[in-house]
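S.K.: The following block contains the structure, expressed as structure tokens.
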Amino acid sequence: MNEILSERSKGVLTLTLNRPAKMNAINTAMYAELVSQLRSAAQDSEIRAILILAEGPHFTAGNDIYDFLENPPTNMEADGFQFILELHNFPKPLIVVVQGSVVGIGTTMLLHCDVVLATPSSVFSLPFVTLGLVPEAGSSYLFPQLVGYQRAAEILLTGKSFTVVEAQEMGLVGTIAEDAREQGLAIAEMIASQPPTAVTNTKALLKSGAHHAVTEVIKAEGALFQMALHSDEARDALMKFAMRRGKK
Ligand code: COA
């Protein structure tokens, strides 16, 4: 089964996480395919906007935990880190629609998207500390910048989840709607029909203030994240999940 679906229509490339039996947990192969799709889309003048979706009731349960245990990243060339950098540097608009559980990278990737829609079922969490890890994707910089230091610190340090209404109030989600998918596609098509150079220049201007700082934070987080994955704290927490499932 193809775990990343891609479809192009009316200037919009739709990328869909398609691993619903595993709550769309993102594994190395899925990151690699996402990176490859985004790199081609950046160069393809016929693609004017990207829509990111997920099959099934949940957007994603975050990074595949078995990959963290068996195939941890050892440098910034790892597919997961490359995906983060690709999102951060991506020149064209990224529109995303989330539903159900939106865990870890599922939530941090929203900080890099230009338009975020969510169904009322959406619940967000950043359980990095609970797993013995540290935040990634520039979220240790972008999240407090968006929601304020104390609110970000409380969420990141406790690992507690937050509701879609809270996410909208924080500015992490723009629109909450039952028909978020349809609305997301309509917005993507509307953006794709705009003059393309004006669109990419406007996105570059919107992102320019913090771009360099975020690149540095992503690298610093990446170094700590790799170290943390080898720590006893993380191994214990990840094994606990795996053993709960009887896989180890
Ligand atoms: N990595 C790999 N597999 C995952 C996964 C992940 N992050 N999250 C869920 N799955 C798999 C489960 O192993 C299970 O597959 P199985 O039936 O073959 O064992 C399937 O997806 C359904 O998940 P399950 O845990 O049974 O659903 P639940 O409703 O009981 O719990 C969660 C939902 C999200 C609370 C729970 O799956 C969870 O805690 N996942 C890990 C989230 C996480 O910490 N992600 C990393 C963030 S950095």
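S.K.: For segment 160-180, how many residues are within 17 Å of the chain's Cα centre (by Cα), assigned to a loop (DSSP other than H, G, I, E, B) and without any contact (Cβ under 8 Å) to a residue 60 or more places away in the chain?
M.R.: Residues in segment 160-180 being within 17 Å of the chain's Cα centre (by Cα), assigned to a loop (DSSP other than H, G, I, E, B) and without any contact (Cβ under 8 Å) to a residue 60 or more places away in the chain: 3 in total.
S.K.: Related question: If you take the residues in segment 129-159 that are more than 14 Å from the chain's Cα centre (by Cα) and aromatic (Phe, Trp, Tyr), which one is surrounded by the fewest Cβ atoms within 10 Å (Cβ to Cβ)?
M.R.: Result: 149.
S.K.: Here is a follow-up. Filter segment 12-37 for residues that are surrounded by fewer than 22 Cβ atoms within 10 Å (Cβ to Cβ) and touching a residue at least 60 places away in the same chain (Cβ under 8 Å); which is nearest to the ligand (Cβ to nearest atom)?
M.R.: 23
S.K.: Name the residues in segment 116-158 that are within 16 Å of the ligand (Cβ to nearest atom) and closer than 15 Å to residue 170 by Cα, would you?
M.R.: Hits for segment 116-158 are 122, 123, 124, 125, 126, 139, 143, 155, 156.
S.K.: Name the single residue, out of those in segment 157-195 being in contact with a helix residue (DSSP H, G or I) (Cβ under 8 Å, 6 or more places away or on another chain) and hydrophobic (A, V, I, L, M, F, W, C), that is nearest to residue 92 (Cα to Cα).
M.R.: Among them, the one singled out is 191.
S.K.: Okay, next question. Can you report the number of residues in segment 43-83 which are more than 16 Å from the ligand (Cβ to nearest atom) and out of contact with any Lys or Arg (no Cβ under 7 Å at 6 or more places or on another chain)?
M.R.: Within segment 43-83, residues that are more than 16 Å from the ligand (Cβ to nearest atom) and out of contact with any Lys or Arg (no Cβ under 7 Å at 6 or more places or on another chain) number 10.
S.K.: Which residues, counting only those in segment 38-52, are surrounded by 15 or more Cβ atoms within 10 Å (Cβ to Cβ) and outside any loop (DSSP other than H, G, I, E, B)?
M.R.: 38, 41, 42, 49, 50, 51, 52, listed by residue number.
S.K.: Please verify whether segment 215-234 includes one or more residues that are closer than 24 Å to residue 121 by Cα and either open to solvent by less than 70 Å² (accessible area, probe 1.4 Å) or aliphatic (A, V, I, L, M) (or both). Give the derivation first.
M.R.: Narrowing segment 215-234 to residues closer than 24 Å to residue 121 by Cα: none.
Among the residues of segment 215-234, not one is closer than 24 Å to residue 121 by Cα and either open to solvent by less than 70 Å² (accessible area, probe 1.4 Å) or aliphatic (A, V, I, L, M) (or both), which makes the answer no.
S.K.: Still on this model: Going through segment 86-111 one residue at a time, which ones are under 12 Å from residue 139 (Cα atoms) and away from the ligand (no atom under 16 Å from the Cβ)?
M.R.: Within segment 86-111, just 88 meets the criteria.
S.K.: Return yes when residue 198 is of a type in the set (Gly, Ala, Ser), closer than 24 Å to residue 91 by Cα and either open to solvent by 50 Å² or more (accessible area, probe 1.4 Å) or over 21 Å from the mean Cα position of the chain (by Cα) (or both) and no when it is not. If you could, list the steps in order and put the result at the bottom.
M.R.: Details: of a type in the set (Gly, Ala, Ser): yes; closer than 24 Å to residue 91 by Cα: yes; either open to solvent by 50 Å² or more (accessible area, probe 1.4 Å) or over 21 Å from the mean Cα position of the chain (by Cα) (or both): yes.
Here the answer is yes, as residue 198 does meet what is asked.
S.K.: Exactly one condition in (1) closer than 23 Å to residue 101 by Cβ; (2) under 19 Å from the mean Cα position of the chain (by Cα); (3) within 16 Å of the ligand (Cβ to nearest atom) is not met by residue 218; state its number.
M.R.: Exception for residue 218: condition (1).
S.K.: To continue, here is another question. Can you give me the number of residues within segment 53-77 that are under 16 Å from the mean Cα position of the chain (by Cα) and either of a type outside the set (Asp, Glu) or open to solvent by less than 60 Å² (accessible area, probe 1.4 Å) (or both)? Spell out the reasoning first.
M.R.: If we filter segment 53-77 for residues that are under 16 Å from the mean Cα position of the chain (by Cα), which is where we start, we get 53-55, 58-65.
This time we only want the ones that are either of a type outside the set (Asp, Glu) or open to solvent by less than 60 Å² (accessible area, probe 1.4 Å) (or both), so: 53-54, 58-65.
Residues flagged as under 16 Å from the mean Cα position of the chain (by Cα) and either of a type outside the set (Asp, Glu) or open to solvent by less than 60 Å² (accessible area, probe 1.4 Å) (or both) within segment 53-77 amount to 10.
S.K.: Follow-up question, since we're still on this one. If I filter segment 1-11 down to residues being of a type in the set (A, V, I, L, M) and part of a strand (DSSP E or B), which single residue comes out as nearest to the ligand (Cβ to nearest atom)?
M.R.: 4
The values are calculated or read from the model by the stated rules, or taken from the named source; none is laboratory data. Fair warning: this is a prediction, and the values are worked out from it, not measured in the lab. Cβ atoms come from the backbone with ideal geometry, glycine included; neighbour counts cover every protein chain shown. With ligands, DNA and RNA removed, areas are computed over all heavy atoms of the protein, side chains included. Shrake-Rupley method; radii C 1.70, N 1.55, O 1.52, S 1.80 Å.
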